[in-house]
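Enquirer: First the structure, then my questions, so here it is.
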Ligand SMILES: *Cc1c(COP(=O)(O)O)cnc(C)c1O
């Protein structure tokens, strides 16, 4: 068992200064009633905490560390830019270079705008959709999280579900009323709501592969229906690929399903570990943005050169290595072995993976929507997660989050993980 005295001390100090001791809620470990681990460095597949314990990391900063932590190519790219200045508040060549790399991966993106977070990307994409269509209503899906945008904090996943808030105080009811939430993977529910609001429907936004209610891919027929209905109705379809873009495959979920959205939001991986978001899509729509068009959107640090340097270096690596099949096979192997161990202990577990993303649930059947995830066993999750963390395996500390594997997770890390899971189950959870 790892000793975490410093993490305990730092957390109690942090609580004096930061609400809940953290700058993003899921980090507080409330869902598993544990003490958050404070980190001080990371390399390859490992993160190291303030007490010098090493952990095999299955979060990878929620996506960006797909090639492992502190990758030398990315460090070099950042260092090179660092010497030249950290921000100019003016255009640079590297912004177009990064845009071109992203467009190479996402044929549905003709023009793109860089922002500073995934939240900013979805917020701006729905403003653009409303400005372009001159309509107001948005449809989203229960359990899909699109950042903490007012209009989208309606039955959102991860943090919100973790804390049992159906939506958030501070969101005006008049605004919340413009957003309708349907059940994920439920065609009838979508059609019912769609028919009700279609005349004023600006956009449908969805995580085509959800990573904020655990890991739940859409059914292809469900996505196809949404694509057809939005097209027919001249409403925009927004794929929120902040998590899945360049993570499940180079071209994200849209490449896997072969379905093109009108707008795509990106973040996480495209910043290479620095704060970046982006939204892009058909030029006809993107041209409605200021300064070409009337829909206002801006950012002092947008397209920041350090972030563009890190992001473009990572995207180039991913294009040249295309590691997604290898990542999926590794995730499969890990989950298959975990399943065997849990079943031998009479504990039901279901698993799924695509590319470098995965999920496991303490339920017999694989969840298809938020309700199914809510029903999965909380006690097993909490006990298993705490045991993993105290034994050097860092899985996401909430059953509403996905798992992430990197190219630096070799057979050795997988085997060590399995050995630790075996050890945990011998003691019982
Ligand atoms: C993380 C995430 C966001 C929000 O991105 P931030 O950078 O945290 O603001 C939006 N959508 C999805 C699907 C995400 O996973």
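Any read-out appearing in this document is the output of simple, stated calculations on the displayed coordinates, not a laboratory observation. Note that the coordinates shown come from a computational prediction; the quantities given were computed from them, not determined experimentally. Glycine gets a Cβ as well: all are built from the backbone with ideal geometry, and neighbour counts include every protein chain shown.
Enquirer: Can you give me the orientation-averaged projected area of the convex hull built on the Cα atoms of region 8-73, in nm²?
Expert: About 5.0 nm², averaged over all directions.
Enquirer: Take every Cα pair under 8 Å in the chain that's 6+ residues apart, average their separations, divide by the length, and report that relative contact order as a whole percent.
Expert: For the chain, the relative contact order is 23 percent.
Enquirer: Let me ask you something else. For the chain, what is the mean residue ellipticity at 222 nm derived from helices alone (per DSSP H run of n ≥ 4: -39500 (n - 2.57); sum divided by total residues; nearest 500 deg cm²/dmol)?
Expert: Taken over the chain, the calculation gives -12000 deg cm²/dmol.
Enquirer: Could I ask something else about it? What is the calculated FRET efficiency for residue 420 to residue 177, with r their C-beta to C-beta distance and R₀ = 45 Å, to the nearest 0.05?
Expert: Here the calculated transfer efficiency is 0.40.
Enquirer: Right, another one. Over the Cα atoms of region 72-321, Rg to Rh with Kirkwood Rh, two decimal places?
Expert: My calculation of the ratio gives 0.97.
Enquirer: OK, next. If you average the alpha carbon positions of region 369-429 and of region 277-343, how far apart do those two centres end up, in angstrom?
Expert: Region 369-429 and region 277-343 have Cα centres spaced 25 Å from each other.
Enquirer: Additional query: From largest to smallest, what semi-axes in whole angstrom does region 68-155 give when each is the square root of 5 times an eigenvalue of its alpha carbon gyration tensor?
Expert: Semi-axes from the Cα gyration tensor: 31, 17, 14 Å.
Enquirer: Which number comes out as Rg/Rh for the chain once both Rg and the Kirkwood Rh are worked out on C-alpha atoms?
Expert: My calculation of the ratio gives 0.96.
Enquirer: Please find the FRET efficiency linking residue 290 to residue 200, where r is the Cβ-Cβ separation and R0 is fixed at 22 Å, and quote it to the nearest 0.05.
Expert: Details: r = 24 Å, r/R0 = 1.09.
The value I calculate is 0.35.
Enquirer: Given N residues in region 193-349, what is Rg(Cα) / (2.2 N^0.38 Å)?
Expert: Taking N as the residue count of region 193-349, the ratio is 1.25.
Enquirer: Alpha carbon centre of region 69-91 versus region 93-148: separation in Å?
Expert: Each part reduced to its Cα centre gives a spacing of 24 Å.
Enquirer: Give the whole-number value, in cubic angstrom per residue, of the convex hull volume spanned by the C-alpha atoms of region 207-260.
Expert: 72
Enquirer: Indicate, rounded to the nearest 5 percent, the antiparallel portion of the DSSP beta bridges found entirely in the chain.
Expert: Around 60 percent of the beta bridges assigned by DSSP in the chain are antiparallel ones.
Enquirer: I need the semi-axes of the equivalent ellipsoid of region 258-370: take the C-alpha gyration tensor, multiply each eigenvalue by 5, square-root it, list largest first in whole angstrom.
Expert: 38, 18, 13
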